[in-house]
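Notes to accompany the following structure.
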Amino acid sequence: MAGSAPLQWRIIVGTKEDGATGVARSQQEPEMLVYIIRRLMQAALVMVVMSAVVFAGIYVIGDPVAMMISPDASEVEREAVRVTLGLDQPTWRQYLTFVGDALHGDFGKSFLAGQPAMGLIFERMPATMELAVASLILSLLIGLPMGVYAGLRPHAPGSKAIMTGSILGFSLPNFWVGLMLIMVFAVLLPDLIPWWPRLPASGRGTTVNLLGVPVSFLTADGLLHLILPALTLAFYKGALIVRLARATAREVLPMDYIKFARAKGLSENRIVGVHVLKNIMIPIATVSGLEFGQTVAFAVVTETVFSWPGMGKLLIDSILLLDRPVVVAYLVVIVFFFVILNLVVDLLYSVLDPRVRLESRAT
Amino acid sequence: MTSFKKMVAVLAAAIAFTAAAASAQELKIGLKTEPSSLDPQYHALTPNLQVAFYMFDTLVKQNESLKPMPGLALSWKPISDLVWEFKLRPGVKFHDGSDFTAEDVVFTYERVGKVPNSPGLYTIYTRQMDKFEIVDPLTLRIHTNTPAPLLPLDVAALPILSKKAASGPAPEGKTSAELNAGNGLIGTGPFKFVSWQRGNSLVLERNDAYWDGKAPWAKVILRPLSNNTARVAALLSGDVDLIEDPPTTDLAKLKSDPKITLARAVSNRLIYIHLDQHGDPPIGIPDTNGKNPLMDRKVREALSIAIDRKGIVDKIMEGVALPAGDFLPYPMGGTRKDTPIDPYDPARAKKLLAEAGYPNGFSITLGAPNGRYINDLKVAQAVAAMWSRIGVKTEVDAVAPPVFFKNRDSFKYSAYLAGWGSSTGEVSNALKSLVATPDKLKGMGTTNSARYSNPAMDAKLEEALRTVDDAKREALIAEASQIVMADHGLLPLHFEVSVWAMRKGLIYEGRADQITIAQNVKPVK
């Protein structure tokens, strides 16, 4: 099955990193600090290489001015714009200027909007975060119970249906799922059944400020707008979690401690709810964390289908117009975000794994 | 099951609540392209001008077929070859209640060149303006550095800011960032600014004191829905009331939907093929022994009549195009009523090729953007098939728009398919950019990457651009464009037809410049 290959890979990657943390944790604290610093330095290196590649790439693709200026403009006016945007300089000098400014925290202004690129990205970030969190919660709410059920009763017809369904979740392309959800819940059902509520198919609903950040999940209108895009994203992720939960539950069930719990006469609810669930949470947390990062960074397709005003939409619009400062700033943010996320996942893992805790207590 | 029904009921109640909040006087429009800024002098491009026209007025307006109409100016006339006089409309008030006068116009026009970081300055419309003379508060004279017969059309792209509201410490007064936040965004237009969330919505409310009558909508919400499918879905689900430019593949379905109405208008956008005519050796034609066959008028004519324009319009454009034989559709300025369209005649095309010395044809590459114009790739493929049928073996090189522009501007194509929208609504605009002999200093032939050159045409065009008398100028322009057409200097394919789709109960008279204007969207009585 083609779909399971990346899954396997991700778990292996996860375990490796987790192992590294385990070692760091079990030794002295300074090593932990060294480990974090090493991670951050790697990130800095990635950022430098990545920004150089993007600079060169966009230079090769074409001229941003040709994409943005009115076709009526004469060569003199085009040249004036090139000078304003600094595009008249050789690429290497543009790059050095960028690096110099970036060290001072200035990532340049968007060619198109004329506003600081970082500002544009942070303006869009709450929308994407909100969508990613909503889809994560949905995928856990749907995927975890289904997966555990399928793990406990692998031969029940219900389990087989769940597993077959999860293959669909994997293999159906995101944009198709989104469009189908729109057709069914925003167009067809409300047309056919008079009492069926019509779900909004595009955009973000009314927002309110929470600690200065505009969020939409606190208003009824905002929640309604969130449903379909979050479901679309949760479709793939939920399927991933179903398969993961099933596989790990199957692994945990024959373990001695489960047998022991059964022998003690604990109720099935307690065995599943505490002993099984606790143990399968480790890989689930790892994969959810990494998947969360994927969603935040690359929810491009879903955001486009639902016209969701998030960072992914900004990225795709900027790439199409060769708006280089925004593309570079976006990737810098994402690299940084992934580094932090991986660190958090590692730390979370050590919290969830009691063996790590015991070891560190022993030292 | 009951809890599910309960949930649905709660949802329904929530939706009913939000729906009740939206009044019947609200119009939601799905835009194809979002403006890059609300500063009406930041970026000279249609999506920006479109939203500027909601909040601001221009001295001269353009009607549906782009003819100049009185706006903030009641009348205008040339006093001499170098001076235009505009009589301004009395009694017009800005949104903040202050009076509109010639001072505001001068402030606005002088601000144009000072806006920093612009990816496309509005100076393309002010470059002929030399100095301004305020005769009295309602009379303005604009002195030009050269005869500027098209000045009234230039000012139609310059929305007027309020001097009082848009002044500030920066050289340009209020900065683009301030205007984007609504600070100083005071115009005389039919709608007032309420809020803008980039990427999500621009909310406007009606200006009840508008000089040209109240708009039928108390509130207008413009939403950027750049993805074609998402835009159609938003209309079908009732998220928006009207959308721009539904994709051609969905037109049949929308047409048969009883809840949807369509509006159409022939646009000012010509889709054309340009043939490299810079001389020998040819670009990308390997089998003619270094001779450029495209220099021969007969070959160009053969390539033109080998194209079945009607077939392309019917089969590929699904009827939303009009076969073209000129730079603009009749009756726009400089066009003729009886412009012939090159007839489809492959047999004669073959004969012409043989007469020109290419009985076995030759090989050629046709460059095209993929995703810039409606069905651009499919049209290029169809043309390639038609050319191959008369023996000109054609390969299509379709690439992403930025790559296409780069290739085109560095003369990589022996032939390319592109589009041109004449914003002025008259032919001189297209002649100047597409077929005039390239001259950087004069700003001529800026998009003539085929390097077509005909001194007779250049002379006629330059004379026209000096002629202030409307009738005389249009006659000269028509003659110039006929020279190009007789030369087959450029092969016009079709004019795109702009389409709007809206919920039943609305009417909109489409515009040639593909702009959506909310006060012209009317509920059916």
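Where a number appears in this text, it was derived from the coordinates with a stated rule and is not lab data. The structure displayed is predicted, hence computed values, not measured ones. In this analysis, Cβ positions are derived from the backbone assuming ideal geometry, glycine residues included, and neighbour counts consider all displayed protein chains.
Assuming 0.36 nm per residue, please report the length gained on full extension of the stretch A:Val274 to A:Leu347 beyond their Cα-Cα distance. So the chain would gain 24.1 nm between A:Val274 and A:Leu347. Backbone amide hydrogens, once placed in the peptide plane, bring B:His494 within less than 5 Å of B:Ile271, B:Ala324, excluding anything fewer than 5 places away on its chain. Taking each residue as 0.36 nm, the span from A:Leu103 to A:Val213 lengthens on full extension beyond its C-alpha to C-alpha distance by 36.9 nm. Centroid-to-centroid, using Cα positions, region A:274-310 and region B:105-167 are 53 Å apart.
Suppose R0 equals 35 Å; then what is the FRET efficiency for B:Arg389 and B:Arg336 from their Cβ-Cβ distance, rounded to the nearest 0.05? Don't skip to the end; give the middle numbers.
Numbers: r = 30 Å, r/R0 = 0.87.
Computed FRET efficiency for B:Arg389 and B:Arg336 comes out at 0.70.
Could you give the nm distance between label points at B:Glu110 and B:Ser363, where each point is 7 Å from its Cα heading toward the beta carbon? So the two model labels end up 6.3 nm from each other. Classify chain A from the C-alpha gyration tensor, please: rounded if a/c falls under 1.5, else prolate or oblate depending on whether a/b exceeds b/c. It is oblate, given that a/c is not under 1.5 and a/b is not larger than b/c.
When B:Ser75, B:Ser423, B:Ser453 are sorted by how many other C-beta atoms sit within 10 angstrom of their C-beta, beginning with the fewest, the order is B:Ser75, B:Ser453, B:Ser423.
Within the protein assembly as shown, DSSP assigns beta bridges of which about 75% are antiparallel (rounded to the nearest 5).
What fraction, in whole percent, of alpha-carbon pairs in the protein assembly as shown exceed 46 Å separation? For the protein assembly as shown, the share of Cα pairs beyond 46 Å comes to 35 percent.
Can you pull the percent of Cα pairs in region B:368-525 with separation above 24 Å? Before the final figure, lay out each step's value.
Values: 6014 of 12403 pairs.
For region B:368-525, the fraction of Cα-Cα distances above 24 Å is 48 percent.
Here region B:25-43 is scanned for amide nitrogen atoms under 20 Å from the site 7 Å beyond the Cα of A:Leu320 along Cα-to-Cβ, giving B:29-38, B:43. In order along region B:422-437, the Karplus-derived 3J(HN,Hα) couplings, from 6.51 cos²θ - 1.76 cosθ + 1.60 at θ = phi - 60°, round to 7, 5, 7, x, 9, 6, 4, 4, 6, 4, 4, 8, 8, 10, 5, 4 Hz, and Gly and Pro are given as x.
List the relative contact order of region B:124-225 as a percent without decimals, with contacts defined as Cα pairs under 8 Å and 6+ residues apart.
With pairs under 8 Å counted, the relative contact order is 15 percent.
Relative contact order of chain A, taken over Cα pairs closer than 8 Å and 6 or more residues apart, is 27 percent.
So if R0 is 45 Å, what FRET efficiency would A:Ile167 and A:Met32 give, r being the distance between their Cβ atoms, rounded to the nearest 0.05? About 0.65, to the nearest 0.05. Only helical runs count toward this figure. For chain B, summing -39,500 (n - 2.57) over DSSP H runs of n ≥ 4 and dividing by all residues gives -8000 deg cm²/dmol at 222 nm. Couplings for region A:339-345, taken from phi via the Karplus curve 6.51 cos²θ - 1.76 cosθ + 1.60 with θ = phi - 60°, read 4, 4, 4, 4, 4, 4, 4 Hz in order; Gly and Pro are left as x. Compared with the dominant Cα axis of chain A, that is its longest principal axis, helix A:157-171 is turned about 20°.
Between region A:210-270 and region B:292-349, how many Å separate their Cα centres? That distance is 62 Å. Put a dot 7 Å past the Cα of B:Ala181, heading toward its Cβ, do the same for A:Val53, and the two dots end up 3.8 nm apart. Of B:Lys412, A:Lys237, B:Lys522, the sequence from fewest to most neighbouring Cβ atoms within 10 angstrom is B:Lys522, B:Lys412, A:Lys237.
Once the Cα-Cα distance is subtracted from the 0.36 nm per residue extended length, the A:Lys160 to A:Asp256 segment shows a gain of 31.9 nm.
With r as the distance between the Cβ atoms of A:Glu75 and B:Lys259 and R0 = 60 Å, compute the FRET efficiency 1/(1 + (r/R0)^6) and round to 0.05. Before the final figure, lay out the partial values.
Working: r = 49 Å, r/R0 = 0.82.
Using R0 = 60 Å, I get an efficiency of 0.75.
Distances between placed amide hydrogens fall under 5 Å for B:Asn454 paired with B:Thr437, all partners being 5 or more residues away or on another chain. Projecting label points 7 angstrom from Cα along Cα→Cβ for A:Val46 and B:Glu462 puts them 6.0 nm apart. Distance from the Cα centroid of region B:367-425 to that of region A:39-81 is 25 Å (rounded to whole angstrom). Excluding same-chain neighbours fewer than eight residues apart, the lysines reachable from A:Lys160 by a Cα-Cα span under 28 Å are A:Lys237, A:Lys259, A:Lys278, B:Lys5.
If each residue's Cβ is checked for other Cβ atoms within 10 Å, how do B:Ile483, A:Ile137 rank with the fewest at the top?
Details: B:Ile483 18, A:Ile137 12.
Final ranking by Cβ density, sparse to dense: A:Ile137, B:Ile483.
Taking amide H positions as modeled 1.01 Å from N, with prolines and chain starts lacking one, the residues under 5 Å from B:Asn370 and 5 or more places away or on another chain are B:Val399, B:Ala400.
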